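For reference, the structure discussed in these notes is given below.
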Amino acid sequence: MKVKRLKHTKRVLAFYKQNFSFKEPFQILIDGTFCFAALRGKIDLLDQIKKYFNSDIKIITTHCALRELYQLGPAMSGSHKILKKFPRHKCGHENAALEAAECFKVMIGEGNTNHYIIATQDEGTQQYLRSIPGVPVMYISGSTLYLESPSYQSRKKAEKLFTNQDLLTAYEKETLSKLNITTETKTIVNRKRKRPKGPNPLSCKKKKAKHNLAS
């Protein structure tokens, strides 16, 4: 694998770890279209994905994705065999299977809180996932794995998070600065304030009665 591709993958993973709390083992959710492309490109998915990520990974699929391939018949039997090798992640559709694309959309939800990396060749699914912040998309080009750069929505959300953190820090600094100024001012005032003096002894003397000079 080329050094450039390794650096790219490392950079993308670092982005999702920093901004969306991804962590190892990375969960890679794959569908039948991805397995079909792997079969055509003669890619050993488990071995190649491990090398590509150079990290601890967990490749998973769903009942819906397996069911979809099975229903497509003998033409997809090779892809079905590949997909069956990976653990089934509970999707909640075991009693009423959905299309793989719809199943994955449900699992991603609004914010991909389970931090899935979606591996699919389906362009409609890819386009949908790019509209949701924090969803890495992976696909196969020829015989090469490729993890997409963060989508516009993911970058926008990351920038917003960064800006909010920066503003919060600035606010905290300003507040602390004001508190320090107030404290210093009070200290200076207290130092300058003189102790109350006692009464002026001259003002306490009884006034002498004026003698009437007229006789």
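List of remarks:
- Residue selected from the stretch 116-149 under the condition open to solvent by 20 Å² or more (accessible area, probe 1.4 Å) and in a loop (DSSP other than H, G, I, E, B), by the criterion nearest to Phe22 (Cα to Cα): Pro133
- The stretch 65-97, residues that are among the hydrophobic types (A, V, I, L, M, F, W, C) and either without any contact (Cβ under 8 Å) to a residue 40 or more places away in the chain or surrounded by fewer than 19 Cβ atoms within 10 Å (Cβ to Cβ) (or both): Ala65, Leu66, Leu69, Leu72, Ala75, Cys91, Ala96, Ala97
- Neighbours by Cβ (under 6 Å, 6+ apart or cross-chain): first from the stretch 137-164, under 16 Å from Phe15 (Cβ atoms); second outside any strand (DSSP E or B) and open to solvent by 50 Å² or more (accessible area, probe 1.4 Å): Ser151/Arg130; Gln153/Ser131
- Residue check for Thr113: modelled with pLDDT under 95 and open to solvent by 50 Å² or more (accessible area, probe 1.4 Å): no
- Within the set Ile43, Ile60, Ile49, Ile28, the sole residue that is within 14 Å of Ala100 (Cβ to Cβ), surrounded by 14 or more Cβ atoms within 10 Å (Cβ to Cβ) and either hydrophobic (A, V, I, L, M, F, W, C) or within 21 Å of the chain's Cα centre (by Cα) (or both) turns out to be Ile60.
- Selection status of Ile49, under 23 Å from Gly142 (Cα atoms), among the aliphatic types (A, V, I, L, M) and in a loop (DSSP other than H, G, I, E, B): no
- Residues satisfying the stated conditions in the stretch 59-84, i.e. touching a strand residue (DSSP E or B) at 6+ places or on another chain (Cβ under 8 Å) and outside any helix (DSSP H, G or I): Ile59, Ile60, Thr61, Thr62
The values are calculated or read from the model by the stated rules, or taken from the named source; none is laboratory data. In this text, all values refer to a predicted model and were calculated from it rather than measured experimentally. Here the Cβ is made from the backbone with ideal geometry for all residues, glycine too, and neighbour counts use every protein chain on show. Areas reflect the complete protein model, heavy atoms only, side chains present, ligands, DNA and RNA absent. Shrake-Rupley method; radii C 1.70, N 1.55, O 1.52, S 1.80 Å.
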